[in-house]
Amino acid sequence: MSIVNMSRYLARMATTTSALAMLGAATVRADEVEDFYRGKTLYALVGVSAGGEYDFQLRLVAKHIGRFIPGKPTIVAQNMTGATGMVMANYLFRVAPKDGTYIGLIQNGLPASQAVGMEGVQFDAARFNWLGSIAPTNETMTTWKTTGVKTIADARKTELIAGAVGSSGITLSLPIMLNDLVGTRFKMVPGYTGSGQLDIAMERGEVFARANAWSSLKAGKPDWIANHDINILVHSGPKPADLAGVPAIEDLLTNPADKSIVDIVTSGDRLGHPFATAPDVPAKRVEALRKAFETMLGDAEFLRDAANAKLEVSPVSAETLANAVRAALDASPEAKARARKYFQ
């Protein structure tokens, strides 16, 4: 081989080697997320005790999402109770590793708790990396069938003991707000450890009213609905077709300033049951978790399990969650100051 041909051959080899090296580097980069999660355990946290829709949704997601995360990590579901989910949210924000190995199902009233300056908040909801939500929610205020209280007008005349989970959150803030803005007479008994325990209290006659998500009632207590065990007095948010005869809270108000308070207190409706990972997780892992969550919600096996549990699937994107959180945090100082008393 001549010197000229040899030079050309070596040049071609150098070019090929360089191209292969670049391809190899790209492959390594493409597999970074998969390599990270392979053999890892991903912890999925919820801030309430077993039973109820939050716990169910956390375990449903934990069952399925691992199949769609590159590297297929083992998923372990854990309950971390305290302060109606605030302990868990604080842990996810401040303590949990910022590497994408922890996700949490955040109580949807917690961003509003931050907005009004509630004590104990150690997180910034705007900095969570939101993943998505299975569906938005509508809160309802319900009474037990034996009370004779079937409408808001009835609830203005009769004092009823109403139960609440923990010492904050929508099960407490909604009836207190109704007392103040609408004139109902709910006497609050907070401190139940979870939605399941509160349901039992209703059935035993310990309490006679409670706030509850409409989706939670349909999924967890369809017999209450079918047997007319409960009366649904009012709901928040856009009117679902199957609550056509029930007034929205906004329908009962004429003062725009009062309606702005309702927007803050019920802001969790737009979040549904939102999943997030910690702040400062590497962007590629956040992207992979969001993609896994989105793909899972369209998976036939997941949808079958959701349908069997009568759980509606109407996905809320990570972007929509982030925008809803920002809207609550950016509410006017006057509205947040007035709403604060409903979060004590």
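The values are calculated or read from the model by the stated rules, or taken from the named source; none is laboratory data. The model shown is predicted, which means the values in this text are computed figures rather than measured ones. All Cβ positions, even for glycine, are placed from backbone atoms using ideal geometry, and neighbour counts span all protein chains on display.
Key figures
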{"quantity": "Unmet criterion (only one of (1) assigned to a loop (DSSP other than H, G, I, E, B); (2) under 21 Å from the mean Cα position of the chain (by Cα); (3) at pLDDT 95 or above) for residue 210", "calculated": "(1)"}
{"quantity": "Subset of the stretch 277-328 [within 18 Å of residue 138 (Cα to Cα) and touching a Phe, Trp or Tyr at 6+ places or on another chain (Cβ under 6 Å)]", "calculated": "321"}
{"quantity": "In the stretch 272-285, residue farthest from residue 104 (Cα to Cα) [restricted to those that are of a type outside the set (A, V, I, L, M, F, W, C) and part of a helix (DSSP H, G or I)]", "calculated": "284"}
{"quantity": "Residues that are surrounded by fewer than 18 Cβ atoms within 10 Å (Cβ to Cβ) and not in a helix (DSSP H, G or I), drawn from the stretch 295-344", "calculated": "298, 299, 309, 310, 312, 313, 314, 315, 317, 330, 332, 344"}
{"quantity": "Verdict on residue 106 being among the hydrophobic types (A, V, I, L, M, F, W, C) and over 24 Å from residue 167 (Cα atoms)", "calculated": "no"}
{"quantity": "Residue, surrounded by the most Cβ atoms within 10 Å (Cβ to Cβ), within the stretch 217-244, restricted to residues that are of a type in the set (Gly, Ala, Ser) and modelled with pLDDT of 90 or more", "calculated": "236"}
{"quantity": "Checklist (1) within 30 Å of residue 336 (Cβ to Cβ); (2) hydrophobic (A, V, I, L, M, F, W, C); (3) crowded, with 21+ Cβ neighbours inside 10 Å applied to residue 80, failing item", "calculated": "(3)"}
{"quantity": "Considering residues of the stretch 84-118 that are more than 16 Å from the chain's Cα centre (by Cα), farther than 25 Å from residue 63 by Cβ and of a type in the set (A, V, I, L, M) only, the residue surrounded by the fewest Cβ atoms within 10 Å (Cβ to Cβ)", "calculated": "95"}
{"quantity": "Matching entry among 292, 257, 288 (being in a helix (DSSP H, G or I), more than 16 Å from the chain's Cα centre (by Cα) and under 18 Å from residue 134 (Cβ atoms))", "calculated": "292"}
{"quantity": "Residue check, residue 261 touching a Phe, Trp or Tyr at 6+ places or on another chain (Cβ under 9 Å) and farther than 30 Å from residue 34 by Cα", "calculated": "yes"}
{"quantity": "Per-region count, the stretch 183-206, residues surrounded by 21 or more Cβ atoms within 10 Å (Cβ to Cβ) and modelled with pLDDT of 95 or more", "calculated": "3"}
{"quantity": "Filter result for residue 266 (without any contact (Cβ under 8 Å) to a residue 24 or more places away in the chain, within 26 Å of residue 343 (Cβ to Cβ) and among the hydroxyl-bearing types (Ser, Thr, Tyr))", "calculated": "no"}
{"quantity": "Those residues of the stretch 86-143 which are of a type outside the set (Phe, Trp, Tyr) and in a strand (DSSP E or B), in sequence order", "calculated": "103, 104, 105, 129, 131, 132, 133, 139, 140, 141, 142, 143"}
{"quantity": "Any hit, the stretch 46-68, residues being touching a strand residue (DSSP E or B) at 6+ places or on another chain (Cβ under 8 Å), part of a strand (DSSP E or B) and surrounded by 22 or more Cβ atoms within 10 Å (Cβ to Cβ)", "calculated": "yes"}
{"quantity": "Of all residues making up the stretch 169-193, the number that are in contact with a strand residue (DSSP E or B) (Cβ under 6 Å, 6 or more places away or on another chain) and not in a helix (DSSP H, G or I)", "calculated": "6"}
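Residues checked against (1) among the acidic types (Asp, Glu); (2) crowded, with 19+ Cβ neighbours inside 10 Å; (3) closer than 30 Å to residue 92 by Cβ; (4) in the same structural domain as residue 297 (by TED's automatic domain parsing):
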residue: 125; (1), (2), (3), (4): no, yes, yes, yes
residue: 128; (1), (2), (3), (4): no, yes, yes, yes
residue: 132; (1), (2), (3), (4): no, yes, yes, yes
residue: 144; (1), (2), (3), (4): no, yes, no, no
residue: 147; (1), (2), (3), (4): no, no, no, no
residue: 150; (1), (2), (3), (4): no, no, no, no
residue: 153; (1), (2), (3), (4): no, no, no, no
residue: 158; (1), (2), (3), (4): no, no, no, no
residue: 166; (1), (2), (3), (4): no, yes, yes, no
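A quick yes/no check of all residues on (1) within 19 Å of residue 201 (Cα to Cα); (2) at pLDDT below 95; (3) β-branched (Val, Ile, Thr):
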residue	(1), (2), (3)
101	no, no, yes
119	no, yes, no
136	no, yes, no
145	yes, no, no
